[in-house]
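For reference, the structure discussed in these notes is given below.
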Amino acid sequence: MDQFVVSPLFGNGPVAWYTPTNVTLWLALTALASIALLVLGTRGRAIVPNRAQSVAEMAYGLVHKMIEDIAGKEGLRYFPYILTLFMFVVFANLLGLVPMAFTVTSHIAITGVLALAVFFGVTIIGFAKNGAHFLDLFWVRSAPLAVRPVLAVIEVISYFVRPLSLSIRLAGNMIAGHAVIKVFAGFAAIAAVAPIAIVAVVGMYAFEVLVAIVQAYVFTILTCVYLKDALHPSH
């Protein structure tokens, strides 16, 4: 589908690693949107906030409480990164719903980098804070001794699958929603079913807005869960 094709911004030549593409453009717009909301939207720090400040404060409070509830107060030192991650994903998802836009989070190359950054980050934190005791994460001491080796293998596999599940979940949901909208939009060209198709597109579009926010929330909350495991690895 054309909306998922990476293409150069200028000309029709081949895409190299240094070529400005539609992905580059929408990544930059996503970053600018996040900065505009969190920096420009809150610079007044009004007692009675405007809409931008209200949304920024809501996002700030949501992520702050999420980290504190899941990873504890010790996890709050990583709040700036997790908030940035949440804002980037939510804006990337929402901007992808703009007509003629490019959904960067529909590409595994983007979501994979985000997931790997989380994976390597929490792994480094786990070893830096706990040393070899971080490996207690894979040794289920509450289980009978005979089954612990089997559970250890399962825990190791599930741990290394984390970046794959994180990235595929996000990209898959973005691709699926856009594909369904595209299908309904195609039926809108048929006069007999056009009214139903248009209603379906509008309904699916509203649902996709919800999915965009929920998927950013899920990505962030799983990051907090992985951070908790790094800070407190023992079962």
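Tabulated data
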{"quantity": "Complete set of residues in segment 10-38 that are outside any helix (DSSP H, G or I), without any contact (Cβ under 8 Å) to a residue 12 or more places away in the chain and surrounded by 11 or more Cβ atoms within 10 Å (Cβ to Cβ)", "calculated": "VAL15, THR19"}
{"quantity": "Members of segment 118-169 found to be touching a Pro at 6+ places or on another chain (Cβ under 7 Å) and either of a type outside the set (A, V, I, L, M) or not assigned by the TED database to the domain that holds TYR217 (or both), listed by number", "calculated": "PHE119, GLY126, ASN130, HIS133, PHE134, ASP136"}
{"quantity": "Tabulated pairs, segment 80-109, first in the same structural domain as ASN173 (by the TED database), second charged (D, E, K, R), C-beta under 8 angstrom, 6+ apart or interchain", "calculated": "LEU97/GLU208"}
{"quantity": "Residue list for segment 152-195, restricted to those being without any contact (Cβ under 8 Å) to a residue 24 or more places away in the chain, more than 20 Å from LEU222 (Cα to Cα) and assigned to a helix (DSSP H, G or I)", "calculated": "ALA152, VAL153, ALA176, VAL183, PHE184, ALA185, GLY186, PHE187, ALA194, PRO195"}
{"quantity": "Scan of segment 206-235 for residues that are charged (D, E, K, R) and within 12 Å of PHE91 (Cα to Cα), ordered by number", "calculated": "none"}
{"quantity": "Lone qualifier among VAL48, VAL55 - being open to solvent by 40 Å² or more (accessible area, probe 1.4 Å) and either in contact with a strand residue (DSSP E or B) (Cβ under 9 Å, 6 or more places away or on another chain) or farther than 24 Å from LEU222 by Cα (or both)", "calculated": "VAL48"}
{"quantity": "Matching residues in segment 159-197 - criterion: being closer than 30 Å to ASP136 by Cα and of a type in the set (A, V, I, L, M, F, W, C)", "calculated": "PHE160, VAL161, LEU164, LEU166, ILE168, LEU170"}
{"quantity": "Residue count, segment 92-131 (criterion: more than 20 Å from ILE67 (Cα to Cα) and open to solvent by less than 80 Å² (accessible area, probe 1.4 Å))", "calculated": "19"}
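The values are calculated or read from the model by the stated rules, or taken from the named source; none is laboratory data. Model, not experiment: these values are computed from the prediction. All Cβ positions, glycine included, derive from the backbone under ideal geometry; neighbour counts span all protein chains shown. Please note that ligands, DNA and RNA were not included when accessible areas were found on the heavy atoms of the full protein model with its side chains. Shrake-Rupley method; radii C 1.70, N 1.55, O 1.52, S 1.80 Å.
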